[in-house]
Structure formats: C-alpha cells, structure tokens
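As structure tokens, the structure follows; a few thoughts come after it.
The values are calculated or read from the model by the stated rules, or taken from the named source; none is laboratory data. All values derive from a computational prediction rather than experimental measurement. Note that we place each Cβ from the backbone using ideal geometry, even for glycine, and neighbour counts take in every protein chain shown. Just the protein is used for accessible areas: all its heavy atoms, side chains included, with ligands, DNA and RNA removed. Shrake-Rupley method; radii C 1.70, N 1.55, O 1.52, S 1.80 Å.
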Amino acid sequence: MELDFLAAHMRNPPPIFRGIFSSLYPVPKTCLILCPDKPQLGNISLFPSVHFSCFSCAALQTIEPNSSSVENPKLQYSFGSKRLIKEVKYGAKERFLILNKKKGVKWYSEMLKDYATKLCLKEGKALHGEIIRSCIETDSHLWVSLINFYSKCGDLVMAGNVFDLIPERDVVSWTALIAGFIAQGYGSKGICLFRDMRGENVRPNEFTLATVLKGCSMCLDLEFGKQLHAEVVKVAGFSDIYVGSALVDLYAKCCELESAVNVFFSMPEQNSVSWNALLNGYVQAGQGEEALRLFSKMSDSEMRFNNYTLSTILKGCASSPNLRAGRVIHSLLVKIGCELDDFTSCSLVDMYNKCGLQDDALKVFLRTKNPDTVAWTAMISGLDQQGQKREAVQLFCLMRHSGLRPNQFTLASLISAAADSVDLICCKSIHACVYKFGFDSEECVSNALIAMYMKFGSAFDGHRVFSSTSNGDIISWNSLLSGFHDNETSYEGPRIFRNLLVEGLRPNMYTFISNLRSCASLLDATLGKQVHAHVVKANLGGNKYVGTALIDMYAKCGHLDDAEVIFYRLSEKDIFTWTVVITGYVQSDQGEKAFRCFNQMQREAIKPNEFTLASCLRGCSGIASLDNGQQLHSLVIKSGQFNDMYVASALIDMYAKCGCINSAESLFKSVESCDTVLWNTIIFAYSQHGLDDKALEAFRTMLSEGTLPDRITFIGVLSACSHLGLVKEGRRHFDSMKVVFGITPSIEHYACMVDILGRAGKFDDMEHFIDDMELAPNALIWETVLGVCKAHGNVELAEKAANILFEIDPTAESSYILLSNIYAIKGRWADVSKVRALMSRQGIKKEPGCSWVKIDNQVHVFLSQDASHPRLNDIHKKLEELASKITAAGYIPNTNYALHNVSDKEKIDNLSHHSERLALAFALMSSNRNSTARIFKNLCICGDCHQFMKLASIVTNREIVIRDINRFHHFSHGMCSCKDYC
C-alpha cells in the first residue's frame, strides 16, 4: 500500500517526499529502455506500481519494451547464465529493475562496449549520464570501458576528461587512452602519453608496448622506436608475438629492412601479422622481388596466408612489375575463394594496370560483384597512368551512374586524365564536381587542379587554385611552376622559385627541373647557373633527371662546353639524357658531333626513341650527310617508327636537304596520314628544289584534305609564288591568312610579299607596301629589298636600303657584300672601294666562298683559287679538259660576275677557279660515271658558274646538284630546276 501511494504521487511529490527519496536515490530525468534488438533512451515515469517484499536496490532503472515485447510478455534480459533483472508488471507494459549493484557495473561496461562497436556516440553519452546520476561506484573496468567507448567514437577530448577523473590510473587505463589516440591516427600524441605514463612510474605491459610501437610506425619515429625496443628487451616482452610483430612493422615501415629481418627471425614464433608486416616493408621499399622470395619461404613454412598477405604480394608484383608472379597470386586467390573480394580485387586491378594489361584489369574489375569507391579509383587511376585518358573519364561517368560517391583520390586521378584528354570547359566542370563533393581543400585534388590548368595554359586559373590552398606543400609549388615554360610566361618561373625559397620550402628535383626549363626558354644562362648552384647545394647534381634538365638549359643557351661537362659527369644516362645532348649539338649546327654521340649511345646499348632519331636526322640535314641519313633511315624501318610524324617529317627533310627530292617525295607519298608539319616539310622541299608548281599543288591538296595551314605553311607558299613571279596569287594567299584562316602575318610573311613585288620589278608597289605595313620594317625587310635590287640592278633603291641596314646593324656582313656586288656589277669600282673601306673600319671580314663534296665518306673542301688539296694538279687537268668541252658547246665567260677591278684575263681566270668548279672536277674524277655529283656551297652560286654547270651537265651527261645558301640547283641536260632564279 505504501508503495502504491508513493507511485501515485511521484509525478508531483511534496517536498518532504523529494527529500526522503533523494537520500535513497537521485531521481534521473531519463531512463534506459531495454528493447529486444538494441538499447534506446526514453522519457518515462520512474516508479511503476510494483509489488515485492523487499525494497533494497541501490540502482533503479525502468525499462519500457517496444511493441514486440508487448506481444511477448515473458521477454527478459539475461547476462550470461545468470538472470540480471526481474520482471515486474505495470498495466500492459513491462519494467525491469537492476537488482545487483556489482552486476550492474558489469552490465554498464557491456553496454558501452556495444555502443563503441556500433559507434553510437549520442546513446553512449546518455548512458554515461545515467552512470553519473546513479552514483554507482565505478570500478577500473568501467573507467576503461568509458575511455575505450569515447576513443572508438572519435571523441578524444572526452576520453581524456574521463581519464583525468580516474583516482588511481594503472597501466590498463593508460594503455586504453594511448590506444585511443593511436587508433585515431595521432601517433605522436600516443608517444607523448606513453612518456607521461613512464614519468608516473607506471610500468608498461606487452599490450602497451605493442600499441606505442604501432604509434612509432605511424609517425615513422624510428629513434623512439629503438628506445622502446630496448625496453622490450628489458622487460622480457620480446617473447610476446604482438610486440615482436609491432617491432617488425616499425623497422619495415622505416625502411630498416635489415633490422626488421633480424627481429623477425629472432622471434620465438611468427604469425601471419609479423609475416605481413615484413612483406609489406619490402613492398613499400620497392623490393618486390625480395618480397616474392620471402613469400615463398612463408609458403614453405606452411603458415596460412590470408587475403591481406596476397594483396600485399600483388602490390609487390605491380611495383616490379612481375606479371608472371602476379598471375600465380591470382590463381591462389581463385583457389582460396578470395578473387572477387573487394580488398583483393583492387590489388589485382592495380597489378594488371601497372603491368600494362588494362584488358585483364578491366575483366577483374567487371567480375567484382559490388566494386566500391576504392576499386573504381584503382581502375580509373590505372587507365590514367597507361595513357588511356578518355577511357578513364568515361569510367568515372559510369561510376557516377552507379550511385557511388568519389573520394579525393578518384577525383585526383580523374583530373590528371582530363588534363590530357578533354577540353578546358570539361575540366572546369570537373572542378565544379570537386566543389560539389567538398574536396576542394584536399591537397592532392588541389595539386591536380593546379597542374591541369597549367597544362591548358590557363595560368590565371591555376594560380587562383594555388592561392586558395591554405597550406601549399612543395607539390603545390611544383604544380604551379610546371605552367611557366613557354616563351611568354617563362619569366614567372624564377620569380615563383624565389618565393618558394622565401617560404622556407626545400626544392626537390621536380622544382629544379621546372625552373631550369624556364631558364632554357628565357635563354638566360646566368640565371640557370644560379639554379645550378642550388642543385649542387641540394646534392642533386648527380641525379639523371636534374642533370638532363641542366644539359638542356646550357645547350639551348649556347653553352655546349658546360653541357658536355655535366653530361660526362653523370654516372647514369638514360635515353632522354642522350637525346638532349644530341639535340643540343644539332641546334648548334654541330651535326658531326651529334652523329658521333649517337654512335656512342648505341655502343652503350641504349636504344634510340623517335625523338632521338628525329634529332639525328635534323643533324644530317644540317650537314647534308646523306650516308648517315640513310643509315638512320634503316634504323627507323627496323624499329618500326616511320609512322611517327616527327620521324617521318625529319626523314623527308633530310632527303630534301641532301638533294634527293625524289626520295623525299616518295617517302611523303608513303605516309598514311599527314599533319600540318608533314605538309609544311614537303612544301618547303619542293620550293627549295625549284619545284614551285608542285609546292602550290601540295598546298591545294592539303586544304582539300582538311588540314589547316599555319604560319610556316604560308612562308613556303609565298616563297613559291615569288619564284614563279605570281604576284596576284601571292597577294591572294597573303590576304587569306588573316581573313580566311585567322593567322596574323608576321615579319617573315611581309618579307615574302616584298620579295614577290620586287622580283616582279614592281618597285613602286613594293615601297607602298612597306609604307603601309602593320609591322615596323626591320632588317629582314630591307635585306630583302637589297636582294631584289641586286637582281634588277636598282642602285638608287639599293643605296637607300643599305644605309638603313647600316643604321640598324652596322656589323652585318651581308649588307656590305650585297651593296659592294651591286656596285661591282655596274663597274662602279670607286664605290666598291668605299664600301670595302667601311667594312674594314667596322672590323668586318668577308667570308670566303667555299664548296665541299663528300666522296667515300670523306668531305673534301675547296676554296676559290685553292692550292691546298693534295690532288690539285689532277683537279686542274680535269677542269681544263671540262672547260674546253664546255667552250666548244658555246660557253662564254660573263666577266660581270668577276667582282674585282682587274684585267679581263684575270677576271676569266678567277671565274674558272671558283670553288664549286674545283669541287665539280674532283667529283667527276672520283665518283662513279652514273652517279649524281652533289656539291654544297656556303654562298650563292654566281651567274657565270650557273651557266657553266648547265653546259657541264650536257657534256658529261650527268646530273649535277648544287646546294647554295638559298636553294638547290638541279642541273640536267642543260637546264636548271631554279629556272635561272639564281
């Protein structure tokens, strides 16, 4: 009766009753409701109407069952085999009371464990509140349960607060808090807590040591780990398998593999954890083959391996790469039934991708029942790394259709793929996707975005992303630097590099490579040397990638001696290093050195790639080395690289510049598809060889096939129009550049139009054209004017052009020579003397005319009036014999081309011993009667020698090819391919 009365009045009890009950039990506001599936909290009245003989419980809880428990009135909560609660009734509901104080504490611990497993932080906090209100006497087990609960739910602040309330902290409570911080990724904090524990003279147990060693592995704190190793030995904890495994893991992750092996084989026994730790260490150190050998030992020891072990080995196969071993591991996965496991399928996809078998990787991926984000990311990343950029982007679209949310690594791989495969608009939409999923603050994503914008030349957008990053690391700075290599923005590279140093960041090899590329574009060797000093300071001078960038910088700046020093100091040279130095020689017009370097590369068993071959072919073009070029052609065929556009273009150019226009034409016709560069090459080849009709025909075919011309194309087209005297057509092509193709004419195009008008004798139109030019006339324009004045003998305009050139560049030799020759042709010898005296005062010396011919792989050089050749007498005899036949054929020397004020006899004698005639005589007496005589000359062939060669081709019945400074002249049957345009 008393309890019935109390229950009826407890909702609003008088103050006296509140005082009585508060002394027995503090009344909580919320109570725990036990349901069949999981505990919940509810606000219900505390005291039902109960009937029992003894009211002596210290902890009173009311529990209201859910609907299912109403249907089953006999529902009860048991702990183990003992009944923990007693069933009582209140109307149609059930209530449960905790009857035993000791068992109640244990029950709380179990409930906290359950909440920790399910990460129910809110419910667990409510339960903690119940514990506080109940004034239950908390034991050490319950304290540890609370710390574990908060740690696993990620609330480390509350875990620390609970820890601070423990009256007597033992090793278990310390270990619980340390484990909580380490489990949440705070390895350094865990180590600090361990130091505090030792400061309170609490001795660690095996679990403490294993946990702290895990923290050392996490933050790679090898020094403290070694101190712990000493403590392990001191407390005889080394026999514990978990401590031993943690030590193995620490040394393996810190790349101390020798120590890891020593610990591993010193352990009394090994388990799969210690094996996996050691295997993972070898894989992370890039020693995949050693990991495979260790795995073989593991298999021989009959140790059971799990899918984690096989996944680790697959990573080793991917890094090797070892496809054969990877397939063996794949078969083991099939055997143990883990092939389609999400964890191992990701490793399989990664292994096949890195071994270059994207089809097999895709098969594994498609067989995975429910691929997660990691699996999708592995497949997207693999396609990206193997160059299948568009496929990677398409796969991401499929992933989004499947409803999966990408992570930061998915987006980073996607951005990398998109930067090389789609347009800038699509890339910006991917950037919007990054914002949508909230990954804009992730460093790996931001760095990928910066690099993407830089690849598209959108430096403003890239810099804006960089500026938005709160803590830009060295990768962020390198991504920013990667966009400042072209001529227009290269000056930004050194400035960014300076800011990087001011920020206190340490540049790595990628930083130096990007900055050296900027210096190379700027042609600033002084700045490059300063960067070189930083390279030496960073101890990266021997790095082959940085060394290659240094060689490229010095070579492009014209410091080949410095480039050679770095090249020969490098202990390791790859194909890119060799290609850079070969290209440096070619760009410096040292073709012979380039080919010698190429031969040395082959002797060292380095296979050339398409860039190496293209550079060497350019070198052969520069020195007109047909024999070497033909050897390279055979290598191109052997390596199957003829379909590469750069190689094909270089081959066509080589044959054209060696005088073999027919071979160049045949090669061009054999190319399956042509780009703009190939069309430009053949158009220029035709134009150089006097086949201007074919050049214009090639241009028309190019347009009909849908290939767009560029600025280079129009230089070749306008040159052909000039040679053919096509004024109207030349003007039409010039106007179409801007109107039809959107190409702004450069100074070279204006020079071509000046040449077209001048060669046609339209001097008034030419001068009006120069006056109306959108660009200011420079030296190239006036040199062109001077050239056409020589062809037409226009002395007055020639003097005007020469005077302007003398003001622009007083040291330019060609201006003085052209004006002097114009005076000489007109017989104005006094003016010739004045020009030569002016040259002398300026310290300018005329380059002597020379010609050379290659016979039996040996180059023979001849100067005018040369007397140095060992077979000079034979050459003169052959030349006299040839001259008599040519004179009989109607040759009359034209003394207007003898540019010295001497007697006519001396003029004729000088003409007869011009260098190209000496070279021709030697070629005729030293080569096969049916072969073509190929002669090269450093200056223009004079009109008299041009006539001589035409007649020589008749009397010798041989083709004579002469390449002068402007073009090729093919002499055959008394005709020249230039149509007397000399």
Exercise for review: Could you order 925, 351 by accessible surface area, starting with the largest, using a probe radius of 1.4 Å?
Suggested key: 925, 351
Check your understanding: Within the P(r) computed for segment 920-962, what percentage of the Cα pairs occupies the region above 11 Å?
Key -> 66
Review point. So which aspartates and glutamates can residue 428 reach, going by Cα to Cα under 19 Å and dropping same-chain residues fewer than 8 places off?
Key: 384, 391, 420, 440, 442, 443, 461
Practice item. For segment 128-184, count the residues as N, evaluate 2.2 N^0.38 Å, and divide the Cα radius of gyration by that value, please. Key: 1.05
Check your understanding: Could you give the accessible area per residue of the chain, probe 1.4 Å, as a whole number in Å²?
Key -> 49
Check your understanding: Amide H neighbours of residue 968 under 5 Å, counting only residues 5+ apart in sequence or on other chains, H built in-plane at 1.01 Å?
Key -> 689, 690
Point to revise | the chain - percent of accessible surface contributed by carbon and sulfur, probe 1.4 Å | key: 52
Exercise for review: For segment 371-484, count all C-alpha to C-alpha pairs, find those more than 25 Å apart, and express that count as a whole percent of the total.
Suggested key: 15
**Study point:** Where the Cα pairs of segment 182-229 fall when distances are cut into 10 Å bins, in %
**Key:** 29, 61, 10
Check your understanding: With a sphere of radius 15 Å drawn around the Cβ of residue 606, what net charge do the other residues whose Cβ falls strictly inside it have (Lys, Arg +1; Asp, Glu -1)?
Key -> +1
Check your understanding: Could you work out Rg/(2.2 N^0.38 Å) for segment 552-701, with Rg from alpha carbons only?
Key -> 1.09
Check your understanding: When the Debye formula is applied to the Cα atoms of segment 850-976, each taken as the same point scatterer, what base-10 log of I(q)/I(0) results at q = 0.17, 0.19, 0.23 Å⁻¹?
Key -> -0.84, -1.08, -1.66
Check your understanding: Based only on the alpha carbon positions, what is the Kirkwood hydrodynamic radius of the chain, in angstrom?
Key -> 37.0
Study note, to complete from the structure: Here, segment 495-590 modelled as identical Cα point scatterers in vacuum has Debye log10 I(q)/I(0) at q = 0.21, 0.24 Å⁻¹ of -0.99, -1.26
Practice item. Can you spot the aspartates and glutamates whose alpha carbon is less than 17 Å from residue 694's alpha carbon? Ignore those fewer than 8 places along the same chain. Key: 653, 665, 705, 729
Review point. Too long at a 23 Å Cα-Cα cut-off: which of 834/907; 657/979; 125/436; 363/436?
Key: 125/436; 363/436
Study note, to complete from the structure: By the mean-Cβ-within-10 Å protection proxy, highest first, 793-800, 318-325 rank as 318-325, 793-800
Exercise for review: Provide the net charge surrounding residue 244, with neighbours chosen by a C-beta distance below 11 Å and charges set as Lys +1, Arg +1, Asp -1, Glu -1.
Suggested key: -4
Point to revise | Nearby lysines by direct alpha-carbon distance to residue 253 (threshold 23 angstrom, same-chain neighbours under 8 apart not counted) | key: 189, 214, 226, 297, 315, 354
**Study point:** Charge context of residue 476, other residues only, Cβ under 15 angstrom, K/R +1, D/E -1
**Key:** -4
Point to revise | Calculated SAXS-style log₁₀ I(q)/I(0) at q = 0.14, 0.29 Å⁻¹ - segment 192-256, Debye, Cα scatterers | key: -0.34, -1.37
